[in-house]
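In what follows, a single structure is set out as C-alpha cells and then discussed.
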Amino acid sequence: MIVCKFGGTSTTSLKSIQNIKALKEKNKKRQVFVFSAIGKKYQKDKKITDLLIEITQNINVSKNKKLILNKFNKLQKDLKININVKKLLNKYYNYFLLTKNADYLISKGEYITTLLMSKYLDIKFIPAEKIIFFQNNKINYKKTKNKLIYYKNKYKIFATCGFYGVNENKQIKLFSRGGSDITGAIIAKCLNANIYENWTDVYGVRQVNPKITNSKQIKKMSYADLDIMTRCDANVIHNDCIEILYGEKIKLKVGNIFDIKSKKTIVVDRYKKVKFVCCKIDKDKVIIVYRDKKLNLVKNECELSNYKENILKIYEKLY
C-alpha cells in the first residue's frame, strides 16, 4: 500500500491537479491521499495557512478572507466542483470569534482543500480530527492506528487533511509548520504502508540546497543522512518524519508533482553513505556539514558573509 502526501503547490495549477488524479488512476495501491492547504502560486503570493494565521491575529481580516475565497474558488473552477466555500469560511470564522481557538481556524485551510480534492478524486473524505489523536502533546498511536485501520477497512481508499489532529479534549491541535508531512508519515506507519510518497514542487533531495547551486539529485539515501540534511538547510521534508519512518521498513519517495514521471529520491533504513553538502546558520556563523571523498562526515565553521562561497568550493572539490 502507498500513502501519498501532496504539498501546498500541488493544488495551485490545473496541471498538478490532473497529475494527482493520474497518480490515483495509475496505481491502485495509492490508497491514502493527504493534502496540505493551497500554497503559493508565485513568489509574492501567500499561502492560505499564512492568510489564516493573519486573520487570527486580526490582520487585514476582510482582505485576507477575500484572498482565501478567491484561492478556493479558483481551485473549484479547476476541479469543476461547486461548494459554498464562502458560507463555510464565515461559519468557521464566527466560531473562531466565539472561542478564540486559532488552531481551529488555521486548520480549515487543509480541511476545505481536502474536501474539494476528495470530491474531484471521487474518494471518501475523512477529516483529520477523526483519525489523528494527541495525548499529552504527543501522538496517541494506539488510538490513531485503531481508527485508521477501521476507516481503511471500511472505505479502502480515502483522503484526509494534513497538519493537524485533535487532543484529549477534542480540540484541534496543529503540528509545526510543514506538518502535513508528519500526518502522512504517521498514517504510513500506522497502516504498515510499503511506500510513503511525498509530492512537492522540487526534484527530490539535492546534494546541495538548490537556492545555492543547481546540484545533482540524490537518487537513493538513508534516513540517517536525510536526518542530517533536514536538521540543516534541506527543507524538502519535515525532519520529524524521519523518526516516525525509520525502522518501519517504509520507503520514502520524494517526487515532483509537476513532473510525475521524473526520477525520485528514495530513502530507506540503510544505504551506503552518499555525498552531500548542507549548512546550519547559527546567528552570525554558519556550520557547513558534508561528506568528504572517503564519505567521512565533516563539519566546518565559517562566517555568515561568505558561507555560500565556501559551500560552492567544497561542492566543486568533492564533485
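A few points about this structure:
- On Cα atoms only, tilt of 61-79 relative to the major axis of the chain in degrees: 90 degrees
- Between the C-alpha center of the range 133-202 and that of the range 244-265 there is a gap of 17 Å.
- Amide H contacts of Ala37: Glu110, each under 5 Å away and 5 or more positions distant or on a separate chain (H built 1.01 Å from N in the peptide plane; Pro and chain starts excluded).
- Of all DSSP beta bridges in the range 119-254, antiparallel share, percent nearest 5: 45 percent
- Heavy atoms of Cys241 accessible to a 1.4 Å probe, total area in Å² rounded to 10: 0 Å²
- For the range 25-56 and the range 106-126, distance of Cα centres in Å: 10 Å
- Percent of beta bridges antiparallel (DSSP, the chain, rounded to nearest 5): 45 percent
- Long pairs among Lys26/Lys264; Lys77/Lys152; Lys5/Lys220; Lys24/Lys145; Lys65/Lys138, criterion Cα-Cα beyond 21 Å: Lys77/Lys152; Lys24/Lys145; Lys65/Lys138
- The range 89-232 shape via C-alpha gyration tensor axes, a/c threshold 1.5: prolate
- Estimated FRET transfer efficiency (Tyr271, Asn27; beta-carbon r; R0 22 Å; 0.05): 0.40
- Relative to the longest principal axis of the Cα atoms of the chain, the long axis of helix 307-318 lies at roughly 60 degrees.
- Leu14-Lys154 FRET efficiency (beta carbon distance; Förster radius 41 Å; 0.05 resolution): 0.80
- Listed peptides 66-73, 105-112 appear in the order 105-112, 66-73 once ranked by packing, highest mean of other Cβ atoms within 10 Å at the front.
- Largest-first ordering by accessible area, 1.4 Å probe, given options Thr113, Thr56: Thr56, Thr113
- Two-site label geometry, Lys100 and Asn167: point separation in nm, points 7 Å out along Cα→Cβ: 1.5 nm
- The chain - percent of accessible surface contributed by carbon and sulfur, probe 1.4 Å: 48 percent
- Sequence-ordered 3J(HN,Hα) estimates for the range 88-102 from the Karplus curve with 6.51, -1.76 and 1.60 and θ = phi - 60° stand at 4, 4, 5, 4, 5, 5, 5, 5, 4, 4, 6, 9, 6, 8, 5 Hz, glycine and proline given as x.
The values are calculated or read from the model by the stated rules, or taken from the named source; none is laboratory data. What you see is a predicted model; the values in this text were computed from it and never measured. Using ideal geometry, Cβ is built from the backbone for each residue, glycine included, and neighbour counts are taken over all protein chains shown. SASA here: full protein model, heavy atoms, side chains in, ligands and nucleic acids out. Shrake-Rupley method; radii C 1.70, N 1.55, O 1.52, S 1.80 Å.
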